[in-house]
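The values are calculated or read from the model by the stated rules, or taken from the named source; none is laboratory data. In this text, all values refer to a predicted model and were calculated from it rather than measured experimentally. All Cβ positions, even for glycine, are placed from backbone atoms using ideal geometry, and neighbour counts span all protein chains on display.
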Amino acid sequence: MSKQNKNKTIIRKKNIFKSILKGFLIFLFLTLFLPALLFLYFIKDLPRPEKFDEGLIPQSTKIYDRTGEMLLYEIAGEEKRTVIKLSALPDYLPKALIATEDKSFYIHSGFDLKGIARALLYDLKLQKITQGASTISQQLIRSYFLTQNRTLKRKTRELLLTLELERRYSKEQIMEWYLNLIPLGGNLYGVETASQQFFNQPAASLSLAQAATLVALIQSPTRLSPYGQNIDDLLKRKDFVLDNMVKIDFLTKEECGIAKKEKLVFQEKENTFKAPHFVMFVKDYLETKYTKEYLQRAGLKVITTLDYSLQVKAERVIKEGVEASKYANTNNGALIALNPKTGELLAMVGSKDYFAQSLPLGCVSGKDCLFDPQVNTTLSLRQPGSAFKPFVYSLALSEGFTPQTYLWDAFTEFNYNCSGNGLQSKDRYNQDCYHPHNYDGLFIGQITLKNALAQSRNVPAVKVLYLAGLKNALEWVKKFGISTLKGEENYGLALVLGGGEVKLLEMTLGYSVFANDGVKSSLNFIQEIQDGDGRILEKMQVKRVKIMPQEIARQINDMLSDNVARAPMFGWNSPLFLGDNIQAAVKTGTTQEYKDAWTIGYTPTLVVGTWAGNNNNTSMTRASASIAAPLWKNFILQALDQIKTEPFIAPQKTYTGKSVLDGSFLGNHSLLYYLNKDNPTGSGTSQADSQFANWEAGVQNWLSWY
């Protein structure tokens, strides 16, 4: 062989080797490296199934009444869910699911190979991905981690995650997660939430037919919804589920036939938002403490103090009472009920109807609505009228005055720069003169503190505030929980007649101090909060603070519960009188121009406050003065049918050793003539006081008339 031919042979062999090597490398690339690259591409940013173990399945926070059974509201994000253990469910529920969605569930390792082959042939025929053969495990992965898009990348990621899921967890765990995650219509997720919504019962007590119905919904939750137009299709699908259970021996034909004949009753799609103003009050607290995002996924169980039966009664009383009071231009009302011993909020009605339309139509909420339904008026700033008086009287009693101390109910000018005859409207400094009148337009002369408060006489009340001290009164009411009043410079003596703005909730809580023998119990509206695993996060603790000696509280109770004492103003059978067998202390309040009407009353076991008026402060008519009291009476009588009450403990007779305080008549002089207002039980008088001349003038003028 020539040298040239030999070289050609060598070159030919080298080319063959190169071709073989190239082909081998291509083969390696196609069989090893390309799949590896594709694998890396598909698993990029792939979520991990171990997240299931991290408790990330979101479930709603639920707010309940005091029994822990009446659901008032769910705080949920896009998914409303309550997690339930598989062991708590009837065994035919997962069996119905397996029979319909994944017959090989306990056999396969995540995939139904026959189903995949069948779906693949169908997709190849249409030359696009349309049909799936998803197992329960695949559906779970898709629902929790992936989108519903039918793409190669998504399906590959689904397969990988499903394999990992099956490797890590038992079939029972996978089944439990699936039953808690599956969408069943609207924002309902999981069988427990759907069972409560559709059948008004926990999933643990579902019948076979009901369980099959929930499984039937999985195919098309919206189209087959019990609240939609395709109820017949839903029932047919339910029967289909039952038939499938028979085919794989989960049911006998006889059991199937009985289940098919069961008449299903779906709960009406009702508003599950109960006690709305109370719920929003609780929700605001929860969101402040735990954040909105946490509440939407944490699955907390919030057991409140609300007595739902009382709440229903309260809502009805306010709605019907306000509707019957339109003749007085009254468009709204509110109510608070508390347990004075524990501070528990039992009922809260913030308007006559949370779900009604504002009035007038087109008004701006918070600005010009007569009736603003979603504004919680129990938390709104309103003037309380004479309902403020008991706080001031209790202060005076604590300073040494007694229920039998006499005052003059006579025309009195309280601006000492104005003449005592009431003929001026402005003083020399252009300040208003101030000479209040009583509701009945009369002045009745000497009257005890007890009768003056019981009959709600205005002139004696203003004198009591002056004697007790305006600054002292503002500090005093803070102890009762009244938080909205400002500094002394913002008020005058009209404060005792309701010249400051307060909240119905705080006023009612303040009255509970009298009902509880001078002890204030902290406001409580949550009994207990449990996390999703039942661990207690919060538990109600009643904090008690002694505000005044019990004798003073008992004196106020006696003054406000004595029907004989108040009869001259209110009559013997007024709405303030609950009958001979129920002793209740009560005080009304009406503001100037009839913008607010209040009644707050109590027994030793229950405090109830009511308000009537218009949200935008439009005046009612004079007849509105008698609206809040019937609301109060109507509700408290119903409430006392279920809350055991007891009579007040009578106060002991008080003696200071100073006759003018202990009930002696004042003769022809005002009280300032006899004592030092800053030290009433001590020595001295107030004859040099700036008010003395006008108080004396009032007495003399009254004597000249009568």
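Structural remarks
- Scan of region 382-415 for residues that are under 16 Å from Pro436 (Cα atoms) and among the β-branched types (Val, Ile, Thr), ordered by number: Thr412
- Of all residues in region 383-411, those that are closer than 26 Å to Glu501 by Cβ and in contact with a Pro (Cβ under 8 Å, 6 or more places away or on another chain) total 3.
- Of the candidates Ile536, Ile529, the single residue that is of a type in the set (A, V, I, L, M, F, W, C), more than 29 Å from Asn438 (Cβ to Cβ) and free of Cβ contacts under 8 Å to residues at least 24 places away in the same chain is Ile536.
- Test: residue in region 527-548 that is within 25 Å of Leu335 (Cβ to Cβ), more than 24 Å from the chain's Cα centre (by Cα) and either modelled with pLDDT of 95 or more or not hydroxyl-bearing (Ser, Thr, Tyr) (or both): yes
- Residue in region 546-558 that is touching a Gly at 6+ places or on another chain (Cβ under 9 Å), in contact (Cβ under 8 Å) with a residue 40 or more places away in the chain, surrounded by fewer than 17 Cβ atoms within 10 Å (Cβ to Cβ) and among the charged types (D, E, K, R) present: yes
- Criterion applied to Leu242, Leu217, Leu235, Leu286 was being without any contact (Cβ under 8 Å) to a residue 60 or more places away in the chain and buried (at least 19 other Cβ atoms within 10 Å of the Cβ), and the one residue passing it is Leu217.
- Considering region 165-222, the qualifying helices (runs of 4 or more DSSP H), each wholly inside and each with 3 or more residues that are among the small types (Gly, Ala, Ser), run over 208-217.
- Flag if Leu407 is surrounded by fewer than 21 Cβ atoms within 10 Å (Cβ to Cβ) and either more than 16 Å from Leu453 (Cα to Cα) or touching a residue at least 12 places away in the same chain (Cβ under 8 Å) (or both): no
- Positions within region 55-69 being at pLDDT below 95, surrounded by 17 or more Cβ atoms within 10 Å (Cβ to Cβ) and either part of a loop (DSSP other than H, G, I, E, B) or out of contact with any helix residue (DSSP H, G or I) (no Cβ under 8 Å at 6 or more places or on another chain) (or both), in sequence order: Ile57, Pro58, Ser60
- Any hit, region 310-318, residues being over 20 Å from the mean Cα position of the chain (by Cα), at pLDDT 95 or above and not β-branched (Val, Ile, Thr): no
- Here region 631-690 is the region considered, the condition is being surrounded by fewer than 17 Cβ atoms within 10 Å (Cβ to Cβ) and of a type in the set (A, V, I, L, M), and the residue that is nearest to the chain's Cα centre (by Cα) is Ile643.
Yes/no matrix, rows are residues, columns are (1) surrounded by fewer than 19 Cβ atoms within 10 Å (Cβ to Cβ); (2) modelled with pLDDT of 85 or more; (3) β-branched (Val, Ile, Thr):
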| position | (1), (2), (3) |
| --- | --- |
| Ser143 | yes, no, no |
| Leu146 | yes, no, no |
| Leu165 | no, no, no |
| Met175 | no, yes, no |
| Leu184 | no, yes, no |
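- Residue in region 615-623 that is surrounded by fewer than 17 Cβ atoms within 10 Å (Cβ to Cβ), more than 24 Å from Glu315 (Cβ to Cβ), in contact with a Lys or Arg (Cβ under 9 Å, 6 or more places away or on another chain) and in contact (Cβ under 8 Å) with a residue 60 or more places away in the chain present: yes
- Scanning region 85-122 for residues that are modelled with pLDDT of 90 or more, surrounded by 19 or more Cβ atoms within 10 Å (Cβ to Cβ) and not in a helix (DSSP H, G or I) gives Leu89, Asp102, Phe105.
- The residue that is surrounded by the most Cβ atoms within 10 Å (Cβ to Cβ), among those in region 467-498 that are free of Cβ contacts under 8 Å to residues at least 24 places away in the same chain and more than 30 Å from Tyr674 (Cα to Cα), is Leu485.
- Residue count for region 688-706 under the criterion of being part of a helix (DSSP H, G or I), more than 20 Å from Gly492 (Cβ to Cβ) and out of contact with any Asp or Glu (no Cβ under 9 Å at 6 or more places or on another chain): the result is 7.
- Among (1) of a type outside the set (D, E, K, R); (2) at pLDDT 95 or above; (3) farther than 23 Å from Tyr406 by Cα - the single one Leu465 does not satisfy: (3)
- First in region 352-367 and of a type in the set (Gly, Ala, Ser), second anywhere and part of a loop (DSSP other than H, G, I, E, B) and at pLDDT below 95, Cβ under 7 Å, 6 or more apart: Ser358/Ser365
- Residue match in region 563-583 (condition: under 22 Å from Leu381 (Cα atoms), among the β-branched types (Val, Ile, Thr) and touching a residue at least 40 places away in the same chain (Cβ under 8 Å)): no
- Residues of region 370-382 classified as outside any loop (DSSP other than H, G, I, E, B) and within 20 Å of Val312 (Cα to Cα), total: 3
- The number of residues in region 435-453 being in contact with a Ser or Thr (Cβ under 9 Å, 6 or more places away or on another chain), modelled with pLDDT of 95 or more and more than 19 Å from Leu671 (Cα to Cα) comes to 1.
- Unmet requirement for Gln267, which otherwise passes all of (1) part of a helix (DSSP H, G or I); (2) surrounded by fewer than 18 Cβ atoms within 10 Å (Cβ to Cβ); (3) in contact with a Phe, Trp or Tyr (Cβ under 9 Å, 6 or more places away or on another chain): (1)
- Counting only strands (runs of 3 or more DSSP E) that fall entirely inside region 282-369 and contain at least 1 residues that are among the small types (Gly, Ala, Ser), the qualifying elements are 332-339, 344-349.
- Test for Ala347: is it buried (at least 20 other Cβ atoms within 10 Å of the Cβ), modelled with pLDDT of 95 or more and either charged (D, E, K, R) or over 15 Å from the mean Cα position of the chain (by Cα) (or both): no
- Any chance Val279 is more than 15 Å from the chain's Cα centre (by Cα), in a helix (DSSP H, G or I) and modelled with pLDDT of 95 or more: no
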